[in-house]
1. Relative to the Cα centre, what is the charge dipole magnitude of the stretch 26-190, using +1 at the beta carbon of each Lys and Arg, -1 at the beta carbon of each Asp and Glu, and rounding to the nearest 20 debye?
2. Which ordering of Phe13, Phe23 is given by a fewest-first count of other beta-carbon atoms within 10 Å?
3. For the stretch 26-190, count all C-alpha to C-alpha pairs, find those more than 29 Å apart, and express that count as a whole percent of the total.
Amino acid sequence: MFDQFYQLTASPFQLTPDPKFWFESATHRKAMAYLGYGLTQGEGFVVITGEIGAGKTTLTHHLMQQVDPNRILAIRLVSTQLDGTGIVTAVASAFGLPTQGQGKAGLLAAIEALVTDRARSGQKILIIVDEAQGLTHEALEELRMLSNFQLGGGAIIQLLLVGHPELRERLASDPSLEQVRQRVIAAHNLTTLEPSEVRSYVEHRLKCVGWAGRPTFTEDVWRLLHSESGGVPRRLNSIMHRVLLAGAVEQRDVISADLVMAVLSDMEDDLQMPAAPEAQAAAPVADTHMLDVAARIAMLEARTEEQDAALRRILEVMVEWAETQDGPQHAAAGF
């Protein structure tokens, strides 16, 4: 509904990663620089880590869009605790090789033949593994073996491992992964958005869907959004989605800190779990009377009035929207 109210072409703060909303923050710019360096080297591992919601998957999608398919043969895998045979099978399948009835040795031979042929024609080979923290020790060893494939004395496969911070910690501390660790040529941990980047991030995503300055935002909104989201893009998206919805419901052209605070309060209430019946029964009698009856009634009445007002605003917006549609023309067109 807020898309129509603010005349946007799509929802700007969806939680699903979408490369069209790529925002080059300082930390993402650094990650892309490391990836570019890795591709020029054409060997070893580049490791990119980050907390949940930091934008790792969006980064890999953006990278896939940026590479020239004529120069780079790139595949992307999503690891779900694959073992050695599983990762080899997944790589072969992503390359379009038949896997049915093939053993690991046969699959490795087929992969080597394919990537060697592509390397002879001048193509670089890039294998991206997302959610790589789920890879088993055997799977990491198989990837290391793939990184050993050579043509004319040079490696022909570049590997990018993307995962949670525990991936980086594991590679750094596990003695059994020493050979993998020695092949890491670059690593970067995605950090959160800086306070100064929050406004640019929000406005960038809005502009991607046709934002023309409506709604506007008061200056105190940006500090509040950073403190409440922690600078994590996915959390910021979740908050902003609800803020725009609330703004449309209340027909606000200006998003202020008080609206954001109200939304945050609603989101917190949404996550509150009701106490179990047995827990309620076990609670001291005095606790159930912390507020007197009059205060409880006043609270209920106020909440009912707020809900009624919100419902009326929603209905008014829907009626206004319906009245702006050209009903007869739409009917004639078959809509």
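1. Details: 14 positive and 15 negative charges, 110 e Å.
Dipole magnitude for the stretch 26-190 comes out near 520 debye.
2. Numbers: Phe13 22, Phe23 19.
Listed from fewest to most nearby Cβ atoms, that is Phe23, Phe13.
3. Every Cα pair in the stretch 26-190 considered, those over 29 Å come to 12 percent.
Any read-out appearing in this document is the output of simple, stated calculations on the displayed coordinates, not a laboratory observation. Here the structure is a predicted model, which means the values were calculated and not measured. Quick reminder, even Gly has a Cβ in these numbers, built from the backbone with ideal geometry, and neighbours come from all protein chains shown.
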